[in-house]
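None of the figures in this text is laboratory data; all of them are computed from the coordinates on show. All values derive from a computational prediction rather than experimental measurement. Cβ placement follows ideal geometry from the backbone for every residue including glycine, while neighbour counts extend to all protein chains displayed.
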Amino acid sequence: MTGAAIEPPAIQRTKGPLRRALDRFIENRAARAGLFIVIPVVIAVVTYHWWWPYAPNAIDLKAMNKGPSATHWLGSDGVGRDVFARLLQGGRISLVVAVCSVAISIVIGFLVGAIASFGGRVVDATAMRFVDLAMTLPPVIFLLVLASIAGTGIAPTILVISLLSWPVLSRMVRARLLELRERDFVVAARGMGAGLPHLLFRHGLPNCIDILVVYATLQIANAILLEAGLSFLGLGIAPPEASWGNMLNLARSTVVLEQYPWQWMFPGAALVLTVLAINFIGDGLRDAFDPRSDLN
Amino acid sequence: MLSFIARRCATGLLMLVALSLLIFVLLRLAPGDPIDAYINPSMPMSASDLETLRDRLGLDQPLPLQYFGWLRAALSGDFGYSIQRSGVRVLPLVMERIGPTALLMGMGLAIAIIIGIAAGIYSAVRRNAWPDIAMSVLSFIGISSPAFLTALLGLYFFSVLLHWAPSGGMQTAGAPFSIADVLAHLILPACLLSIGHAALIMRYMRASLLEVLNQDYVRTARAKGVREFWVIIKHATRNALLPVITLIGSTVGIAVGGAIFLESVFNWPGMGLLLVNAVGTRDYPVIMGATLVIGVCVILVNILTDVAYAFVDPRIQVA
């Protein structure tokens, strides 16, 4: 830190833990790079319909399977749709699916973890065996079975992904709350007659916030990948709605794979770049919330 | 030891029962009449025959009883008929797919283990040198890029542009069976499958070896005058391998997922392709059979890993 030498250290107030975490996060170069990629991507994806002339499903009959050019920056696909517009729309769908499914799985994961830790031995054992079971089956298999029942579309995809991803979180929340349950302030709150909702939301939730934030960030990257994987296999988001996965699905036809690489390479690159950047941010947050990381 | 194995098998069995229950309930929620699964589509049935069959299968009974009926049939190998391919029984359909998938996954994991462990040892020993940093970045990319994308890119570069490998299938159509031919078809998907796992194994191996290298007994070995090479291989790596073994056991489940994407990109006639096609056509009997067989395999592998772990590490008390 260069600024520290100028400020007189005696007057400086001690920083709170959140402030210190924020400082650590800002100092993390990989996390900054992640933010540098993710923020423009999110802005572009949210606002593209105001500044990009083509709609994702508009057909330009004069441009079919054309490569990148001044008018269609990333080329066009087999029916003359603009690849850049579909890429941005696909990103929008991916983000909507990811954010919604993560929100749902956080609620389920936190509640299951909380109830397991505060609910007594029988409830705990039952819930954890259930979590074990959900984690035994290979995730993609589970995803396929669920998707075969739920069908395609945005809402079923969100449902399927969120049903798949809560068990890991509920494990972490349970571990944290089991430790918290024995702390003096929780014992005191209990002694004063606090009920389960008070314990969970006044004491449990604030003390789990770091787990939840880190999980949410990393899980958004994961959910983007799951959605892309499902759509790639022809489940998940069905055409004509665009998604990075079903744009990659086009490359399963040999002609597209061999002759029109811009139709699948750009969505692939967007996918990897976004996921990588979000993972950097997630790792940065995890290190930032870890008080031991100042020692290294 | 024996009691440990027995206990582990018992929990495995419980898992299996729970898994079958889960699959049964999930697929009964699915639309359609479950009796369709048991009709051989090439032989039409009269309405009264249908009632007899429904009675025999117990589909007119409450759900818990139905589950036991289904389980009894499944245990004797009767998963019904595929809806999509008329008249084909599910069990042989699933069984003939196990071999190719096991081949692909075995080869992929073998490559991943060799490369991952070697690279992990190297980058732990040469910590913070440029190859270590380069490999760390590569492994981060390897972990972050999804199997279907690496599969497409690999297919595009090595089959389409460079013509180094055939572009799909397990054998050349029309050619007589030969091991060399299968290997030529196997090597590209297996290498692509290994990328993510090699990256993961490398990271674990590096971290675990770095921890072991700080231990006192490593310093003792060096002080005794043991050559550095043998300190790394015999004293450090053997102990650093323990957590990596657990990791390898648990990646088998993930590898099944990766294999699904590789199989469908490379048209490899394995379980993954079967399952994806069955899901695409809502062929529930096949989905059920395939999922159950995959689940059994994964649970078995997990048990084997635990037992192997107990064998390798005498510190684990098995009592």
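Comparing B:179, B:115, B:233 in a Gaussian network model of chain B, where Cα atoms under 10 Å apart are tied by springs, the biggest mean-square fluctuation is seen for B:179. Obtain the radius of gyration and the Kirkwood radius of the range B:96-316 from its C-alpha atoms and give Rg over Rh. Using only Cα positions, Rg/Rh for the range B:96-316 is 1.04. Sorting A:43, B:133, A:106 from the fewest to the most surrounding beta carbons within 10 angstrom yields A:43, B:133, A:106.
Legend: mean number of C-beta atoms from other chains within 10 angstrom of residue C-beta atoms, peptide A:224-235, equals 4.
Rounded to the nearest 0.05, what FRET efficiency is calculated for residue A:51 and residue A:130 with R0 set to 60 Å and r the Cβ-Cβ distance?
0.80
Taking all C-alpha pairs of the range A:133-292, those more than 23 Å from each other amount to 54 percent.
Adding -39500 (n - 2.57) for every DSSP H run of four residues or longer, then dividing by how many residues chain A holds, sets the calculated 222 nm ellipticity at -23000 deg cm²/dmol. Taking label positions 7 Å along the Cα-Cβ direction at both residue B:72 and residue B:162, the computed distance is 5.8 nm, reported to one decimal.
If you average 1/r over every pair of different alpha-carbon atoms in the range A:46-124 and take one over that average, what Kirkwood value in Å do you get? For the range A:46-124, the Kirkwood estimate is 15.5 Å. Peptide A:131-138 has a mean shielding of 6, counted as Cβ atoms of other protein chains within 10 Å of each residue's Cβ.
Taking 7 Å steps out from each Cα toward its Cβ at residue B:98 and residue A:99 produces label points 4.7 nm apart. Taking Cα atoms only, the orientation of helix A:83-118 departs from the longest principal axis of chain A by about 20 degrees. Normalise the Debye intensity by I(0) for the protein assembly as shown, one equal point scatterer per Cα, no solvent, then take log10 at q = 0.06 Å⁻¹ and round to two decimals. With one equal scatterer per Cα and no solvent, log10 I(q)/I(0) is -0.38. Of all lysines in the structure, those lying under 16 Å Cα to Cα from residue B:234, and not within fewer than 8 positions of it along the same chain, are B:224. In percent, rounded to a whole number, the relative contact order of chain B is 27, using alpha-carbon pairs under 8 Å and six or more apart.
Neighbouring Cβ atoms from other chains, within 10 Å of the Cβ of residues in A:265-275, number 3 on average.
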